[in-house]
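A.B. asks: Questions regarding the structure given below will be posed in turn.
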Amino acid sequence: MDSKEKNIRGGLKRGNAAVEEVRVKPEKKTRGKWAEVWRRLKKNKVAVAGLFLLVFLAIVAVFAPLVAPEGIDDQNYGRILEPPSGENLLGTDNLGRDVFSRIIYGSRISLTIGFITTSIGVVIGGILGSIAGYYGGRIDNLIMRFIDIILAIPGLLLAIALVSALGPSLTNLMIAVGIASVPQFARLVRASVLSTKENEFIEAAQCLGASDLHIIVKHIWPNSFAPVLVQATLRMGAAIVVASGLSFLGLGSEPPTPEWGALLSDGRRFLRDAWWMATFPGVAIMITVLAFNLVGDGLRDALDPRLKD
Amino acid sequence: MHRYIIKRLLYLIPILIGVTFIVFAIMHFSPGDPATLLLGEDTTQEEIERVREIMGLNDPFIVQYGNFLGGLARGNLGRSLQSGRPVVEEIGARLPATMQLAGGAILVAVVIGLVMGILAATKQYSIFDGGSMGFALLGASMPNFWLGLMMILLFSVYWNNNFGYPLFPSSGYGTLRHLVMPAIVLGTAHAAYITRITRSSMLEVLRQDYIRTSRAKGMSERKVVYYHALWNALIPVITITGLQFGVLLGGSVVTETIFAWPGIGRMLIQGIRTQNYPIVQGTILVFALMFSLITLLVDILYGFIDPRIKAKYKS
């Protein structure tokens, strides 16, 4: 029996043992893990507050037309640059539009940006990281050196370069910020795949003749889910800041889109006459990012209590 | 130790060549014809074609990239399409301003971050701890361009309206007073990270046996914290500072734009607005180079701090 065969036999034996173990309490084990995470998350008051805030923001975004007192672009030249009052809670802008309503509509854009850019990062980064980690060797080297090169360009600058090449628009902004977040997820997933790959159940699946794709999707990805979820939550907040920064610089959405960064950029022009125009969109960004950070931190602590101090 | 440094340096070369390729490729496929931009809209087609030929814009992509690399090796990044001056000169004139801003921001971040982090860790669960953690959360969630506008609003506009002069100028460059607001704006997010890392790293170190030993042998608490604990807690702090430097450089683009700071970040944005692609390309490359050098520096510093790396390369 050569050493490889021995390994396989050993793997099968251990695999069988693992199957035996799973057979005893198959469902309870998986449900137990997430129930435990949820239980720990619920105990963390700050994280729960963040979660409530996120749900609230999502509801506001979805029902924006019902929540907002006025429309997205209702101009009224009779009330230009009016300070906050009972009529217009957060004042009016240089075209007599209600700032409060525009910020509410803006939440749709910012949350969408956060979700789509992070999805781009997770999907592309996840695929690259899985391939690199699972196959190893030359492919791993090639992909990771490419990732190293991308990482040498600061994220915001890479996004700026991409937007300037693609042309400023909301779609291109999302593509650029999404691509800039690929390296982060690629590294994370690769590390996670590398550690999962060594498990007996992967060896067992290989012995049973499962295809690489099946092993990656069914056996490796579920085990990478937790760190990716934490990173994705934190990344959504960061992506919203980066994207609004690009909009602020005039590299994102075009007027009259009420993207929060664009609102701030408008507010900057009238900083001396209308403080409310620049102040409130920034508060909105801060609250949203804060909510994502709180939930992300809470999830991290709940998933790995050892990290908590 | 030399071998470690040489290894890190050699590793940097292919990375930087890769960066030039990516940046060149992005700029190559950008809209806008450099020849047209250089000559203006009302030039004849023949004239534009002639300039394209001279500038080598009709060559295949790989040939153009080869020429660019060749120029780069001789320290030539092309010429600005606006002023006609060499890009290297334009960057050289503005780089000191960016360095000053980055330096100021790092100073703000390290001082605030270390002080708050140490306070939070040594007085865990006290009001200092709560305050520091609150700062860490808010600082990390606050967009720096918003913080910049709020500071201008408060210290320039509001102060000027009430006291007849601005506490800090809202734009310009040259004196320490000009540096205060931009450095705080750029450094705050970084300070928040450092606070957090210092706190958790200090808490971990303070639980170690050797800290208990030094307390048991009657060492003063001050000496325990600043001599034994802090030095060991600094390793992750230095790593984070290095890694976050890229974010800081990106942030400098926004900060420079808000405060009309005459650095390369503002030049980059102006370059994008005027489709001045040699400037955009050059500044991004310089930013990437700065970031890579800082990462290298952190790696080397690591080698000096961490005896395990030192031992590995000792022969």
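The values are calculated or read from the model by the stated rules, or taken from the named source; none is laboratory data. Owing to the predicted nature of the structure, the values given are computational and were not obtained by experimental measurement. Because the Cβ atoms are built from the backbone with ideal geometry, glycine has one as well, and the counts that use them run over all protein chains shown.
A.B. asks: For residues that are within 30 Å of A:GLY296 (Cα to Cα) and charged (D, E, K, R), scanning just region A:43-96, find the one that is surrounded by the fewest Cβ atoms within 10 Å (Cβ to Cβ).
C.D. replies: By that ranking, first place goes to A:LYS45.
A.B. asks: Could you pull out every one of the helices (runs of 4 or more DSSP H) wholly within region B:245-315 that has 3 or more residues that are buried (at least 17 other Cβ atoms within 10 Å of the Cβ)? Walk me through it before giving the result.
C.D. replies: On the way: elements: B:264-273, B:277-305, B:307-312.
By residue number, B:264-273, B:277-305.
A.B. asks: So, one more: Can you name every residue in region A:243-302 that is touching a Gly at 6+ places or on another chain (Cβ under 6 Å), in contact (Cβ under 8 Å) with a residue 24 or more places away in the chain and aromatic (Phe, Trp, Tyr)?
C.D. replies: Once the filter is applied, which keeps residues that are touching a Gly at 6+ places or on another chain (Cβ under 6 Å), in contact (Cβ under 8 Å) with a residue 24 or more places away in the chain and aromatic (Phe, Trp, Tyr), region A:243-302 yields A:TRP260, A:TRP276, A:PHE292.
A.B. asks: Yes or no: A:VAL99 buried (at least 20 other Cβ atoms within 10 Å of the Cβ), in contact with a Ser or Thr (Cβ under 7 Å, 6 or more places away or on another chain) and away from every other protein chain (no Cβ under 14 Å)?
C.D. replies: Details: buried (at least 20 other Cβ atoms within 10 Å of the Cβ): yes; in contact with a Ser or Thr (Cβ under 7 Å, 6 or more places away or on another chain): yes; away from every other protein chain (no Cβ under 14 Å): yes.
So A:VAL99 passes the test.
A.B. asks: Out of the residues in region B:294-311 that are free of Cβ contacts under 8 Å to residues at least 60 places away in the same chain and in contact with a helix residue (DSSP H, G or I) (Cβ under 9 Å, 6 or more places away or on another chain), state the one that is nearest to the other protein chains (Cβ to nearest Cβ).
C.D. replies: So in region B:294-311, the residues free of Cβ contacts under 8 Å to residues at least 60 places away in the same chain come out as B:294-295, B:297, B:307-308, B:311.
Filter once more, so that each one left must be in contact with a helix residue (DSSP H, G or I) (Cβ under 9 Å, 6 or more places away or on another chain): B:294-295, B:297.
Details: B:ILE294: 10, B:THR295: 8, B:LEU297: 14 Å.
Only one residue tops the list, namely B:THR295.
A.B. asks: Any idea how many residues of region B:227-260 are modelled with pLDDT under 85 and aromatic (Phe, Trp, Tyr)?
C.D. replies: 2
A.B. asks: Which members of region B:2-48 meet the condition of being surrounded by fewer than 13 Cβ atoms within 10 Å (Cβ to Cβ) and touching a Phe, Trp or Tyr at 6+ places or on another chain (Cβ under 6 Å)?
C.D. replies: The one that is surrounded by fewer than 13 Cβ atoms within 10 Å (Cβ to Cβ) and touching a Phe, Trp or Tyr at 6+ places or on another chain (Cβ under 6 Å): B:ARG3.
For every residue, the table says whether it meets (1) part of a helix (DSSP H, G or I); (2) among the small types (Gly, Ala, Ser).
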| position | (1), (2) |
| --- | --- |
| B:ILE15 | yes, no |
| B:GLY18 | yes, yes |
| B:ALA35 | yes, yes |
| B:ASP42 | no, no |
| B:GLU49 | yes, no |
| B:LEU57 | no, no |
| B:GLY66 | yes, yes |
| B:LEU69 | yes, no |
| B:SER83 | no, yes |
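A.B. asks: Check every one of the helices (runs of 4 or more DSSP H) wholly within region B:86-157 and list those with 1 or more residues that are farther than 25 Å from B:GLN281 by Cα, modelled with pLDDT under 95 and out of contact with any helix residue (DSSP H, G or I) (no Cβ under 9 Å at 6 or more places or on another chain). Steps first, please.
C.D. replies: Values: elements: B:87-122, B:127-141, B:144-151.
Per the criteria, B:127-141.
A.B. asks: Take A:LYS197 and tell me if it is touching a residue at least 60 places away in the same chain (Cβ under 8 Å) and basic (Lys, Arg).
C.D. replies: yes
A.B. asks: Something else now. For region B:3-38, enumerate the residues that are at pLDDT below 90, under 15 Å from B:PRO278 (Cβ atoms) and more than 9 Å from chain A (Cβ to nearest Cβ).
C.D. replies: Of everything in region B:3-38, those that are at pLDDT below 90, under 15 Å from B:PRO278 (Cβ atoms) and more than 9 Å from chain A (Cβ to nearest Cβ) turn out to be B:GLY32, B:ASP33, B:PRO34, B:ALA35, B:THR36, B:LEU37, B:LEU38.
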